[in-house]
Amino acid sequence: MEERRIKPRWRINQGAELTVENGVKPIPCVVEDISYGGMCLSLRRNLFDDVFSSFKLSLADNLELNVGAQVAWRQEQQEGNTYGLSFNWIDDSAKEDLGRYIDEKFHNLIIKHWWEGSSDA
């Protein structure tokens, strides 16, 4: 299958917590992959698509992203749901924080992605 995303996603499989607007208790989830344009998120609950219009995602090392997204796709599984999210908005400071997080925690992924597709031909 040909990749259609403009911005590369990095596969990180990191535990996180999702807090929805007016949410009292954070919802545990796993960020399967992420980029500046969106993410793939798995959780053990079924959420309405409009929940993702404004939420906070808390990753390890005190990284918190306040973002808005739309659901591009959803896959139901026995243990929960996986959502493909496309960001509608993410502020510049969150982008910078995300960039630093990816660079610090997953530097090898950046290097691997950088060299993918290059050839000596």
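Which residue pairs have Cβ atoms closer than 7 Å, lie 6 or more positions apart in sequence or on different chains, and pair a first residue in region 40-54 that is in contact (Cβ under 8 Å) with a residue 60 or more places away in the chain with a second residue that is of a type outside the set (V, I, T) and surrounded by fewer than 18 Cβ atoms within 10 Å (Cβ to Cβ)?
Short answer, once both residue conditions are applied: none.
Among the residues of region 22-57, write down those that are touching a helix residue (DSSP H, G or I) at 6+ places or on another chain (Cβ under 8 Å) and of a type outside the set (V, I, T).
Correct list: Y36 only.
If D61 passes every condition in (1) closer than 17 Å to F106 by Cα; (2) out of contact with any Ser or Thr (no Cβ under 7 Å at 6 or more places or on another chain); (3) crowded, with 17+ Cβ neighbours inside 10 Å but one, which one does it miss?
(3)
Inside region 73-96, can you point out the residues that are in a strand (DSSP E or B) and surrounded by 12 or more Cβ atoms within 10 Å (Cβ to Cβ)?
The answer is R74, G80, N81, T82, Y83, G84, L85, S86, F87, N88, I90.
Can you tell me which residues in region 69-85 are of a type in the set (G, A, S) and modelled with pLDDT of 95 or more?
A69, A72, G84
The values are calculated or read from the model by the stated rules, or taken from the named source; none is laboratory data. All values derive from a computational prediction rather than experimental measurement. Cβ coordinates were reconstructed from backbone atoms using ideal geometry, including for glycine residues, and neighbour counts include every protein chain displayed.
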